[in-house]
Structures are given as structure tokens and as C-alpha cells.
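What follows is a single structure, written as C-alpha cells, with notes after it.
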Amino acid sequence: MTKAWRKSSSARRSSFSIGSKKIIVKNIVPILFSAVCITGIAYSGVGLPFILLDMFGRFERNSILVVSLIIPILTGMGLNFGIVLGAMAGQLGLLIACLLRLNGIAGILLAVAIALPFSYLFGWLSGILLNKTKGQEMITSMILGFFASGIYQFVFLFVMGGIVKINAPDIMLSNGIGIRNSVDLAGMKSALDEFQIFNIKTKVNIFTALIIFAGTSLLYTFFRLIAIKILKKTDILRILALLFALVFGVIAGNQKAFSQYKMLIQIPLLPLCLTIIICIIVSALSKTKVGQDMRAVGQNLSVSAVAGIDVNKTRLTAICISTVLAAVGQIVFLQNIGNINTYSAHENVGMFAAAALLIGGASVDKATIGQALIGTVLFHILFSVSPMAGRNIFGNPIIGEYFRVFVAYGIIAVTLVLHAWKQGVQNRQKLREAGE
């Protein structure tokens, strides 16, 4: 009996050890960057309330852009660097709203109304091209972004004012041809952040925001579990984590020790709710017939075509959705910043969004909402603390600036190398199996 119990106990320990190793290996990137972020916070010398304040601001600005990358990955198209085209459509909407002298939420709504059809058109055109270059979507979408940027600059440097006459001296260049390098969004700055209903501000403290987020996520999780009637280990862990966040928000919000956080960190509800709604839509879409078709196409194009799925149409739909979400994300980003760098604001959108997603543990063939949100938090904590940490460690804040740019490009390069290596291993294994 004792020997059997020892063997059983040893087997359980071995199984636990193997399971732990798998979890660590699977999440090595977010674990590594969590350690880097903690080190940066420790050496930055900046108080935690100010780090959280900056992080939440960055999260609000960038989360939708990161989430916009998920659908193309689901469809097997990799990282869609073509979200730059969606960002251009968002900027076009904002600039037209400025030309029409619209302010506040009305200007934002008009910008969205203009950006949506343009972003859909851009997504449709890029999707047609990507369907012609199956297997090379990432590099194609990147080059497409550079090409589209050239057309964008031609339109705003020459067409605006040169062909289409515009009377807006505060936005146009001094000679009346071309848009200025920087356009102030004073009338629309923080229109979503400062939105009020019946003179009631929609900003809440960090603990109230945590309660709202955790409560909403719990409700969505429960409804999803009721619908699919399947409970996985990850669902249990998610529910426990959300319950902990909910309880912590309730308790900490009533403690004097956290009064500084409660007073300093005010989170706008409207952008947060918009992010939650988009996350829910993306997650729900993956459960629909269209989403299942996307998964099938992402796994095997040939099998999907034989099964009767319109492969090209499915891929086209994925790119259009991604580009539209990027347009909305860019509008949210720029209204928070308060100005548009007309000719450069869109340039690094795809690169930084991809880096944030990969830091969350995603890959070029698998990504989830959770990985997108976690990656956004980690990436922008690193962005926030690295200059001060670089100054305190090396005596030069510029090193911190270089470090975070290095991280953005480095994580993408390493992920692409690993993806190529993985595909090579799989191809060799298939050849061996075919030879046998």
C-alpha cells in the first residue's frame, strides 16, 4: 500500500512538474517581459501611482489597435501590418472634421462615420492583394503600408489645396496647398475621455473601473459558459482571477491606504467600455459561422476549400474587419493625444501594435483577447519606465529610449524567426512521414 502510494505521489509530482514546465515555456515571453517591467519600475524611481496613471492612459490609446490584429491571425494571415491603412482612414476622418470646424463628441462621431467606409474600402483593396500573395501576407502588408503612405502624403501635400480648394488657414500650409505637419485637435481633444451625460462626468477612480471591468468580464464569462456548456481549466482560472479583482476593487476602494490612488488615477469609462465592447465582438465573432470558417481557413486552405468554404472571401472579410477596427483605434488614440502629426502619426502603428501583441504571448498563428490586453499593459509599462530606468542605471535617458525601440523591433524579429523555424520542422516531419 505504501509503495503504491509513493508511486502515485511521485507520478503526480512528475505530472505537475511537466505541466508547470509546459506553462512556463508557453508563456515565457510575457513572463520575461513581466520581469523586465518589474526591474524597470524598481530602477525608475517613479512612484507607482504615476506609473499606473501613465499606463492606463497608454492602454486606453492603444488597446483597440492591438486587438485589431487578432482576426487576421485567426484566419492564418499572420500579423496584419496593413492596419496602417486603417489608421490613415481614421486620420482622414479627423482632418475632415477639423476642416468642418466640428468639436467635441460630434466631431469624433463624424470622423468615425467618414473613416468606416474608407477603412472598409482600404481593407477590401488590401485583402484582394493579400489573396494573390498567400503565404507572404506579412511582408506584403508591410510593403503595402509603405506604398499607401506615399499616396496618403501625395493627397495631403498636393491634392488638398492644390486640386481641392480649401479655405482653412489654421490647418493648411502658408501657400494654401497641403495640410500642415501638425494639426491641433483642440476642439476634439479628450472628447471621449471627458464625455458627460446630463453634466455627470464619466470618469471614475481606478477601483470603480476595476469593479466595472471585472464584473462585466464575469458576466460575459458566465453567459459564454452557459451557451457552450463546457468548463475548462482556463475558465476556472479566469473566473477566480476576476473574482479576486472584483473583491480587491471593493475592499481597496474603501481603504485610506489607497486614497492616493483613488484620487490621482481617474479612468474615462467611455473608451474603456468601447474597448470591452470591441473585445466582446471579436470574441463572439470567433464563435459564429464566419469565425469558424476563419479558423478552418487558418488551419488549412486546401481542406477549407474542399469543405465548401469560400477561402478568398473569408480572408477578405478578416482583413476588412481588422482595418475598420484600426481606424476606430487610431481615432481613439489621436483624440487622447490631442493633435495629429499629419504625415507620420500612422507610420509605426502596425509595428508597435504587433510588438505589444507578441509580448502578451501571442504568435503569428495564434492570438487571444487576453494576450492582446496583457501585451498592451506590459509593452506600455516598459515604454513608460524605460527612459527613467535608463537614466538611473546608465546615467543617460536616451538609452532607455533606444531600449524600448529595440524591444519593439526585436520581439517581432525573434517571433518571425521562431515561426520560420517551426514551419521548417513541421515540413521536415511531413517529408519523413511521406517517405515512410
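Just checking, does the range 187-209 include any residue being free of Cβ contacts under 8 Å to residues at least 12 places away in the same chain and of a type in the set (Gly, Ala, Ser)?
no
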**OP:** Scan the range 293-303 and give yes if some residue there is surrounded by fewer than 18 Cβ atoms within 10 Å (Cβ to Cβ), among the hydrophobic types (A, V, I, L, M, F, W, C) and more than 19 Å from residue 76 (Cα to Cα), otherwise no.
**Re:** no
Subject >> Top-ranked residue in the range 181-202 [being buried (at least 17 other Cβ atoms within 10 Å of the Cβ) and of a type outside the set (Gly, Ala, Ser); ranked as farthest from residue 95 (Cα to Cα)] >> reply: 202
Subject >> Within the range 221-258, considering residues that are of a type in the set (S, T, N, Q) and farther than 21 Å from residue 273 by Cβ, the one modelled with the lowest pLDDT >> reply: 234
**OP:** Assess whether residue 390 counts as being on the phi > 0 side of the Ramachandran plot, touching a helix residue (DSSP H, G or I) at 6+ places or on another chain (Cβ under 6 Å) and modelled with pLDDT under 85.
**Re:** no
Original post:
Taking the condition more than 20 Å from residue 345 (Cβ to Cβ) and in contact (Cβ under 8 Å) with a residue 60 or more places away in the chain, does residue 142 pass?
Top reply: no
Subject >> Close pairs from the range 349-378: first at pLDDT below 85, partner outside any helix (DSSP H, G or I) and not small (Gly, Ala, Ser), Cβ under 6 Å, at least 6 apart >> reply: 361/27; 364/79
**OP:** Return only the number of the condition from (1) surrounded by fewer than 17 Cβ atoms within 10 Å (Cβ to Cβ); (2) on the phi > 0 side of the Ramachandran plot; (3) over 28 Å from the mean Cα position of the chain (by Cα) that residue 161 does not satisfy.
**Re:** (1)
**OP:** Would you mind finding the one in 176, 145, 135 that is in a helix (DSSP H, G or I) and at pLDDT 80 or above?
**Re:** 145
Subject >> Count of residues meeting criterion [crowded, with 16+ Cβ neighbours inside 10 Å, farther than 20 Å from residue 341 by Cβ and among the aliphatic types (A, V, I, L, M)] in the range 113-146 >> reply: 7
**OP:** Residue by residue through the range 316-342, note down the ones that are more than 17 Å from residue 86 (Cβ to Cβ) and in a loop (DSSP other than H, G, I, E, B).
**Re:** 338
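Only one of these is surrounded by 19 or more Cβ atoms within 10 Å (Cβ to Cβ), β-branched (Val, Ile, Thr) and at pLDDT 85 or above: 281, 331. Name it.
Step by step, each of 281, 331 is checked, and only 331 is surrounded by 19 or more Cβ atoms within 10 Å (Cβ to Cβ), β-branched (Val, Ile, Thr) and at pLDDT 85 or above.
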Original post:
Can you name the residue in the range 216-249 that is loosely packed, with under 14 Cβ neighbours inside 10 Å and among the charged types (D, E, K, R) and, of all such residues, is farthest from the chain's Cα centre (by Cα)?
Top reply: 229
**OP:** Please give the number of the condition residue 104 fails out of (1) touching a strand residue (DSSP E or B) at 6+ places or on another chain (Cβ under 8 Å); (2) at positive phi.
**Re:** (1)
**OP:** Being acidic (Asp, Glu) and under 16 Å from residue 29 (Cα atoms) is the filter here, so list the residues in the range 333-383 that pass it.
**Re:** 365
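For (1) among the hydroxyl-bearing types (Ser, Thr, Tyr); (2) modelled with pLDDT of 80 or more; (3) in contact with a Phe, Trp or Tyr (Cβ under 9 Å, 6 or more places away or on another chain), each residue gets a yes or a no:
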position	(1), (2), (3)
209	no, yes, yes
214	no, yes, yes
219	no, yes, no
260	no, no, no
270	no, yes, yes
**OP:** Report yes if some residue within the range 39-52 is modelled with pLDDT under 85, within 23 Å of residue 413 (Cβ to Cβ) and aromatic (Phe, Trp, Tyr); otherwise report no.
**Re:** no
**OP:** Out of 282, 247, report the one residue that is in contact (Cβ under 8 Å) with a residue 12 or more places away in the chain, in a helix (DSSP H, G or I) and of a type in the set (Val, Ile, Thr).
**Re:** 282
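The values are calculated or read from the model by the stated rules, or taken from the named source; none is laboratory data. Given the structure is predicted, the values throughout are model-derived calculations rather than measurements. Counting neighbours? That spans all protein chains shown, and the Cβs are built from the backbone with ideal geometry, glycine included.
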